[in-house]
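Heads up: the structure comes next, in structure tokens.
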Amino acid sequence: MSSTFPSFVAKRSVSKLPIVGLVSKCLGCVYVQRELKSSDIKGVSAVISDRIQEAHQDKSAPKMMIFPEGTTTNGDYLLPFKTGAFLAQSPVRHVILLLCQFANYIEVTKLPVYRPSEQEKADPKLYAENVRRLIAREANLILSDVGLAEKRVYLEALNGNISTPTVLRHKDD
């Protein structure tokens, strides 16, 4: 199956989901444990980088699809990108997916391949940020520095599990 469909990076819990977990395993997905910031992150980044480089060198190798924000938003904002996809220093085909909900139609914008400059190859954070800014401009999105931790606090507040002052204290940290 992975010769036809790209593999992707997903949180480790995806591997345990019915049907989706099995499909993701068949595609050879790379799983990350988002809550643990450890040396495992470097290992995951190396796997992603190796797979991307392999796909560029061998056209029959499975492709890698990466969602560089690492989470979802309401569709109005573009969060900071993780650098894993940019460590390979390879050109990227960026695709914008908007409003991917069960009852909505998906809007896909396929942009030209972005080839990193020498400066971007030396600095994956710069590479990630430049691609992020290009996508934000093309999709008319607002750049945000909010991350997964803030998103989780916001969802807890929406669900009534924490009070608004707690949300504000987290925001100021």
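Here are the numbers:
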| item | result |
| --- | --- |
| Under 13 Å, Cβ to Cβ, from Ala61 - net charge with Lys/Arg +1 and Asp/Glu -1 | 0 |
| Fewest-first ranking of Lys151, Lys82, Lys110, using other Cβ atoms within 10 Å as the exposure measure | Lys110, Lys151, Lys82 |
| Label point distance in nm, Ile162-Gln53, each placed 7 Å from Cα along Cα→Cβ | 4.0 nm |
| Relative packing of 57-67, 129-139, which averages over residues the other C-beta atoms within 10 Å, highest first | 129-139, 57-67 |
| Sequence-distant residues sharing a close amide H with Val30 (under 5 Å, placed H) | Phe8, Val9, Ala10 |
| Across Lys25/Lys110; Lys11/Lys63; Lys121/Lys151; Lys11/Lys151, pairs whose alpha-carbon gap is larger than 22 Å | Lys25/Lys110; Lys121/Lys151 |
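Bear in mind that the values in this text are calculations on the coordinates, not laboratory data. Small disclaimer: the values here were computed from a predicted structure and weren't measured. FYI the Cβ positions are ideal-geometry reconstructions off the backbone, even for glycines, and counts take in every protein chain you see.
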